[in-house]
Amino acid sequence: MRRRSYQVRKLLRHNRKPAELLLVPMIDIFTVLVTFLLMTAVFSRTVILELKLPPSNAEFTPPPPGLQLEVIVRKDSLIVDDRNSGPLASFPNNAGGYDYEALTRYLQLVKSKFPDKTDATVLLEPDIAYDVVVQVMDRMRVLEVNAGMNVVQYELFPDISVGDAPLIADNATGAKP
């Protein structure tokens, strides 16, 4: 077998056609890939609650007379409070944790006395679990009643604000924790 000379190889190299790019198989692969990704994707429902936080430069305006409903979440209890008059009800934790049912019953009573009231505030101690915050906010927003096979939802206090709970003075020393 004879070796070709450099000139002949160079001439053959220049006369060679460029490789073709086959688009149809690539389109087929991408179609299968997109179909697979769409079928295996997890579509989750995201629920967003609108919170009304006070602006940082808000000027003080005197509150209108009436109920200023607050629910204070402490490590050992839930306290329903009126900002103007003080505590209205307290629900200590039971063996299973927070007493959400008692809170719901009391908020239903408050709503029956103040039907036009839609705003309330949740005040939280530090290190309260996120699940507890969500449970309390859900119980404040909506009352769920079983009506046969259906669950009917009634609006309680849908306009919820969030804040820090006031510190409790230690009775023995008078110091704040």
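Here, each number is a calculation from the coordinates, and none is a lab measurement. These numbers were taken from a predicted model, which means no experiment stands behind them. Backbone-built Cβ (ideal geometry, glycine too); neighbour counts: all protein chains shown.
Residue separation times 0.36 nm, minus the C-alpha to C-alpha distance between SER161 and SER90: what's the value?
Values: separation 71, 0.36 × 71 = 25.56 nm, distance 1.99 nm.
Extra length from SER161 to SER90 when fully extended: 23.6 nm.
Please find the FRET efficiency linking LEU67 to VAL152, where r is the Cβ-Cβ separation and R0 is fixed at 22 Å, and quote it to the nearest 0.05. About 0.30, to the nearest 0.05.
Basic side chains Lys and Arg get +1 at the Cβ, acidic Asp and Glu get -1 at the Cβ, and with that the dipole of the range 85-177 about its Cα centre reaches some 320 debye.
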